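First comes the structure, then the notes that go with it.
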Amino acid sequence: MNAIVVMGLRAGKDRTGGPIVRIGVEDDLPHELIDIVVDFISTFDVLDLVIAWYGPDLETMINNRPAIELLDTAGLAAQRFLDANVRSSEDGFVTVLLTDYIDWARCLDVREAERVPYEELAASHVVRPFDELNEAPGVTELVFHGSAPLAIEPEPVSPRVPWSQREVAVMAARAERVRTSQRRKCGNVWQKTLERVRSGSTLQESAPTQEVIGLLNAGLDSILLRDRVILNAVNSNVTEILKVKKHEIGRLLGEATVETGENIGAVIDVLEYIAVFSDDDDPAAFAVAAYLRWWVGDCDGASGNAIVASESDPHYSLAKLVLHALFVDLPPPFSDVA
C-alpha cells in the first residue's frame, strides 16, 4: 500500500521473473520516479516490466492528474529507453497500472479519460475489479511470490525497531553527520567495537548504548570507513582499520582468503544489529550487511538486506551492486565461508 512497485518480467539472456523494487509514496509520487525506472532497466538489463502504483483509493488516485501525468511519463520514458537499448530481436514492453486492491486500471486508459466520472470509467471497464488478477498466476507470483491469495494482503513488517526504541540512536547519528570535522570519532568507535567483537563480547557489550550505535551508523556514511569495515570482515589480518590507507584497500581485499574471513560472521551480526536502529532513509548498514552476506554465499540474507537498503535509498550504489550481483547469479568469492 502507498507505493510504486517496479517489477521486471523479463531480462537479457531470457531470464524471467526479474527483480522487484518498491518506492514508498507518502503524499505525491516522487519526482525522481523517471530516473529510478530508467536506472532500474539499465541496472538489471530489463526488457519487459510493470510499473504499478498501489494507493488507498483508486478514484482519488485517478483524480490526481499531476500524479497520473508523472506515472504515464515514467512509463513513456521507460518504453523509449527500451526501444533505444533493446538487447534482443523482440521489442521490450512497459505496462503501467494503478490499484487500491479493490479495483485497478491501466494508466494509459485513465490518462486518456480525463474528466470522465469514475462511475463511467467503471461502466466502460476502464476500471476493473482487482479480483480479476486472481486469474493471472504470473502477476500472483510477482506480487506475493506465490505465498498468498491476491485477496489477502500480507502484513507489512518493518525491518527497523519502533521509533521509540531507536530515537536516541537516530538523533545521535544525525548530530554526528553535521559534525563532519569530528568524523574520526566514528572511526574510533568502530575500531573499539570491532576489537570487542574479536574478543568475544556480545553485541550489547560491543555497542552498549544507543549513542554508540548512532555513531556506528553515522560512520558508515564515510565510504573510506565503510570499506575499511568491509576489509576487516573479509580479511581478519587487518585489525587496525584506521591505519589502512585508501590505496591499500584493493590489495588487502585481494589477499582475503577463506581462512582470513573467520571474522566475517561477527561483523555481519554487528551491522544487522545497528541497522535496525538506523534512520528510515539510511541504507548503509543494511547494504554493507547485504554485501558481506553475498560474500559468504548467503543469497537470501543478502537479498533481504539489499532490498531494505534500496527501499531506504533507491540510489545507494552498494545496494544496487548487490542486487545486480544476485540477479545475474554472480558467484561470491568464497561461498563456503561459514
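Any idea which residue in the stretch 185-203 is most open to solvent (accessible area, probe 1.4 Å), counting only those that are small (Gly, Ala, Ser) and on the phi < 0 side of the Ramachandran plot?
The initial filter retains those residues of the stretch 185-203 that are small (Gly, Ala, Ser), namely 187, 199-201.
Then keep just the ones that are on the phi < 0 side of the Ramachandran plot; that gives 187, 199, 201.
Working: GLY187: 3, SER199: 88, SER201: 40 Å².
In this case the residue turns out to be SER199.
Would you be able to tell me the number of residues in the stretch 219-239 that are open to solvent by 10 Å² or more (accessible area, probe 1.4 Å) and in a loop (DSSP other than H, G, I, E, B)?
Within the stretch 219-239, residues that are open to solvent by 10 Å² or more (accessible area, probe 1.4 Å) and in a loop (DSSP other than H, G, I, E, B) number 6.
Here are some residues: LEU216, LEU242. Which one is surrounded by 14 or more Cβ atoms within 10 Å (Cβ to Cβ) and assigned to a helix (DSSP H, G or I)?
Working: LEU242 fails: surrounded by 14 or more Cβ atoms within 10 Å (Cβ to Cβ).
So the residue among LEU216, LEU242 that is surrounded by 14 or more Cβ atoms within 10 Å (Cβ to Cβ) and assigned to a helix (DSSP H, G or I) is LEU216.
Looking only at the stretch 245-265, filter to residues that are open to solvent by less than 10 Å² (accessible area, probe 1.4 Å) and part of a helix (DSSP H, G or I); which one of those is farthest from LEU194 (Cα to Cα)? So that I can check it myself, show each step before the final result.
Filtering the stretch 245-265 down to residues open to solvent by less than 10 Å² (accessible area, probe 1.4 Å) leaves 256, 261, 264.
With part of a helix (DSSP H, G or I) added as a condition, the list becomes 261, 264.
Values: GLY261: 14, ILE264: 11 Å.
Going through the qualifying residues, I end up with GLY261.
Out of the stretch 51-73, which residues are crowded, with 20+ Cβ neighbours inside 10 Å, under 16 Å from ASP109 (Cβ atoms) and touching a residue at least 40 places away in the same chain (Cβ under 8 Å)?
Residues satisfying the conditions are ILE51, ALA52, TRP53, LEU58, ILE62, ILE68, LEU71.
When you scan the stretch 100-142, how many residues do you find that are in a helix (DSSP H, G or I), closer than 29 Å to ARG10 by Cβ and modelled with pLDDT of 85 or more? Don't jump to the end; show me each part of the working.
Applying the first criterion (in a helix (DSSP H, G or I)) to the stretch 100-142 yields 107-112, 118-123, 130-135, 137-142.
Okay, now just the ones that are also closer than 29 Å to ARG10 by Cβ, so 107-112, 130-135, 137-142.
Within this subset, residues satisfying the condition of being modelled with pLDDT of 85 or more are 107-111, 130.
Looking only at that region, the number is 6.
State yes or no: is GLU272 open to solvent by 30 Å² or more (accessible area, probe 1.4 Å), touching a helix residue (DSSP H, G or I) at 6+ places or on another chain (Cβ under 9 Å) and within 18 Å of LEU224 (Cβ to Cβ)?
Numbers: open to solvent by 30 Å² or more (accessible area, probe 1.4 Å): yes; touching a helix residue (DSSP H, G or I) at 6+ places or on another chain (Cβ under 9 Å): yes; within 18 Å of LEU224 (Cβ to Cβ): no.
So GLU272 fails the test.
Does ALA284 satisfy being out of contact with any Gly (no Cβ under 8 Å at 6 or more places or on another chain) and closer than 30 Å to ILE23 by Cα? Write out each step before concluding.
Details: out of contact with any Gly (no Cβ under 8 Å at 6 or more places or on another chain): yes; closer than 30 Å to ILE23 by Cα: yes.
Here the answer is yes, as ALA284 does meet what is asked.
The values are calculated or read from the model by the stated rules, or taken from the named source; none is laboratory data. Being a predicted model, the structure only gives us computed values, none of them experimental. Note: ideal-geometry Cβ built from the backbone for every residue, glycine included; neighbour counts use all protein chains shown. With ligands, DNA and RNA removed, areas are computed over all heavy atoms of the protein, side chains included. Shrake-Rupley method; radii C 1.70, N 1.55, O 1.52, S 1.80 Å.
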